[in-house]
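All of the numbers you see were taken from the coordinates with simple rules; none came from a lab. Small disclaimer: the values here were computed from a predicted structure and weren't measured. For neighbour counting, all protein chains shown are included, and Cβ atoms are generated from backbone atoms with ideal geometry for every residue, glycine included.
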Amino acid sequence: MKVIKIDKNTWASGIDSLRSGYRLVGPVMQGDAHDFKELTSDEAPDMAFGNTRLSPKSVVFPQSEPMFTYSLDENDPEHHILKDAPKDYSARAVIGMRPCDAKAVALVRMNFDTPDYRDPYWMDAYDATTFVGLACDNPCETCFCTTAGCGPYHEEGLDVLLSDCGDTYEAKALTEKGEKLLASAGWDAEGDASVFEPKKADAEAKIVTKVETANLRGKNSLDLYDAPFWKELSFSCINCGTCTYACPTCWCFDIQDENKGNDGVRMRNWDSCMTSLFTMHGSGHNPRDQKHQRFRQRFMHKLKYFVDKYDKGLMCVGCGRCVQQCPANIDIRTICNKMNGYEAAS
Amino acid sequence: MESYIGKIREISERLLSDGTVECVVGFRKGTVALTNEPCMITKAEDAKDLVWDANCRLNLANYLTGRKEKIAVIAKGCDSRNIVNHIIENKISREQLVIIGVPCKGMADKNNPESLQDNCATCTHRNPVIYDELCADLVEEQTDVDKYEDVRAVEAMGTQEKWAFFEELLSGCTRCYACKNACPLCYCPTCFVDESRPQWVGKGTDPIDIRTYHFLRAYHCAGRCTDCGACEAACPQNIKVRQFTKKLEKDCNELYGWEAGLTVDQRPPLDSFKLDDPEKFIM
């Protein structure tokens, strides 16, 4: 695993060199917070950011994505034939992704790249993207990544991991894609691999908030499902989509056809299990028409069903966005600990 | 306002232990700095968990609609006006409620805790308009505040400028619907955004759909909105969504001399008709 030393004096010119081979995406201040966006030719990624309000999952999974176009005009010889919507899957690089968000992409990939099915939209975007991560030396007080299977120096899902060392970045190339990107930027000075371990330990020690997860796998699903605490825990929830939209591991989507006159497009949009419409059946029956049922579903999915299905830990990377942004102060940490500690009355 | 909490807890404990109510809706301390979580307590001994401070931004009237039991609710000025609205609109009956009134001195801006939240800075109804118990003495109402300075600034803009203003305002909207769901007025079993067959509003991020949602929601709030600010407090993207509702509030005020939720004895202007209603905008 190569480690390259990037002198910060060469950072801007390296980024500029990358622009010819990659569309760059990075954290940029937008109004009062950072968000990931495609960088224009004179924009640079703001490497001093904490984390973005919305996760970078939209790089591979845009909130609204056209899938097909079609014409309803019966005079058109190709009417009612679905045609692929034009896409740009040219090479792209996300610069400055946090390790939690990168691990989230790796977790979500398990849904979109299975032995039975490969989602072309998500996977083509993913294959075209190189993920350059920035390790967190100053985690936020709501970050609980170390007990959510992740950490401030976690490497899963990244092609390169950068550690900020003051005047330089030490860049660990984790994959071939990562090596290729570093070479494209012209960064080739030999780096110092030994800085990573101690910095990682320092950063991990700064994480003050933790969740307890050891018992989740062993709990009986139906016991947790029938637990009496869901109604109380869900009281303040207003069933908006804030948590699902901010969450890097949420991947549910809805497919809609939108027509204007005779022209149509089939769109894939983010959907949220927090909404009543999410489980509305065509018959009019809704198996989750009450708030506490939807609330329970979200946390059971993240903290139990996913755990059982894949044996890879939580479907949560501890980024803390839902905790910070929930209007009603629903806290996944509280719920996780409650689930982990629950003993069914016998 | 920290001194209020002693009285709030005492009243809540009493109402629960003597069986006057089955539950009390209030706030408990949040797990994140500067946040409190709306909660419902059903046991008298849990009254000690209730808190009250400048982070009680959500409108607790939002949690009342459709409930069947006898409830005590902690209500600041704006919350109490929304309770009046609920009573007028048959979403809850007066007899079900024991309103613990809070004379409010304003909530802290969630992003700038040294300042008052925007709507609180120009509030003229800090005292609850309807209550059964009070947790403190009534406070002096602010007079001489210019509630609509920002609305007039937008009204004065030319068409292109206005368009750009609203385009910019809504640029961060992800349609999470936190604003709608935090709003006590939005209680429709099927919101217009969820209608299908036919679908009223697209579900994607097309700016046309985003604007349609905000404009239409604002119109549904016209004559009912109390400017409680829960919508802006809830928005994770810090969008100033009150720009829409404040304009309509100003219009109702100027056209009908109306302020929402002050008395259960009068129906809102868009709900009722008088022969001398102004018609300038129709004719």
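Okay, here's what the table says:
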read-out: Shape box of the range B:109-167 [Cα atoms, principal axes, largest first, Å]; value: 51, 23, 20
read-out: FRET efficiency, B:L34 to A:T69 (Cβ-Cβ, R0 30 Å, nearest 0.05); value: 0.05
read-out: DSSP-defined beta bridges in chain A - what % are antiparallel, rounded to 5; value: 75
read-out: Dipole of the protein assembly as shown, positive direction: furthest Cα of A:N220, B:N253, B:N62, with charges on the beta-carbon; value: A:N220
read-out: Antiparallel DSSP beta bridges within the protein assembly as shown, as percent of all bridges there, nearest 5; value: 70
read-out: Mean separation of Cα contacts under 8 Å, 6 or more apart, over the residue count of chain A: relative contact order %; value: 22
read-out: Long pairs among A:K5/A:K57; A:K338/B:K70; A:K103/A:K304; B:K68/B:K147; B:K43/B:K76; B:K68/B:K240, criterion Cα-Cα beyond 25 Å; value: A:K5/A:K57; A:K338/B:K70; B:K68/B:K147; B:K68/B:K240
read-out: CD proxy at 222 nm, helix term only [per DSSP H run n ≥ 4: -39500 (n - 2.57); per residue of chain B; nearest 500]; value: -9000 deg cm²/dmol
read-out: Proximal charge balance of B:E95 [Cβ under 14 Å; K/R count +1, D/E count -1]; value: +2
read-out: Kirkwood-Stokes translational diffusion coefficient of the range B:149-271, alpha-carbon pairs, 20 °C, 1.002 mPa s, µm²/s; value: 139
read-out: Average Cα contact separation per residue, the range A:84-235, under 8 Å, 6 or more apart, as relative contact order %; value: 24
read-out: Charged-residue dipole, Cβ positions (Lys, Arg, Asp, Glu), the protein assembly as shown about Cα centre, Debye nearest 20; value: 1400
read-out: Choice from A:A104, A:A44, A:A201 showing the highest fluctuation, given a GNM over chain A with Cα pairs closer than 10 Å; value: A:A201
read-out: Separation of alpha-carbon centers, the range A:38-110 and the range B:215-258, rounded to whole Å; value: 34
read-out: Listed residues A:P248, A:Y342, A:F299: farthest to the positive end of the dipole of the range A:247-346 (Cβ charges); value: A:Y342
read-out: Total charge dipole magnitude, chain A, about the Cα centre, Cβ charges on Lys, Arg, Asp, Glu only, Debye to nearest 20; value: 1180
read-out: Positive dipole terminus of the range B:4-134, leading residue within B:S115, B:I71, B:I5 (C-beta point charges); value: B:S115
read-out: Globularity ratio of chain B, using Cα Rg and 2.2 N^0.38 Å; value: 1.03
read-out: Extension gain from A:Y310 to A:M47, taking 0.36 nm per residue of separation minus the Cα-Cα distance; value: 91.3 nm
read-out: Stokes-Einstein diffusion coefficient of the protein assembly as shown, Kirkwood radius over Cα pairs, 25 °C, 0.890 mPa s, in µm²/s; value: 92
read-out: Reachable aspartates and glutamates from A:K206, criterion Cα separation under 19 angstrom, eight or more residues apart if same chain; value: A:D101, A:D137, A:E141, A:E155, A:D164, A:E197
read-out: FRET efficiency estimate (nearest 0.05) - Cβ-Cβ, A:V208 to B:D277, R0 60 angstrom; value: 0.50
read-out: Value of [θ]222 nm, deg cm²/dmol, for chain A, DSSP H segments ≥ 4, -39500 (n - 2.57) each, nearest 500; value: -7500 deg cm²/dmol
read-out: Part-to-part distance (alpha-carbon centres) for the range B:158-214 and the range A:202-267, which is given in Å; value: 22
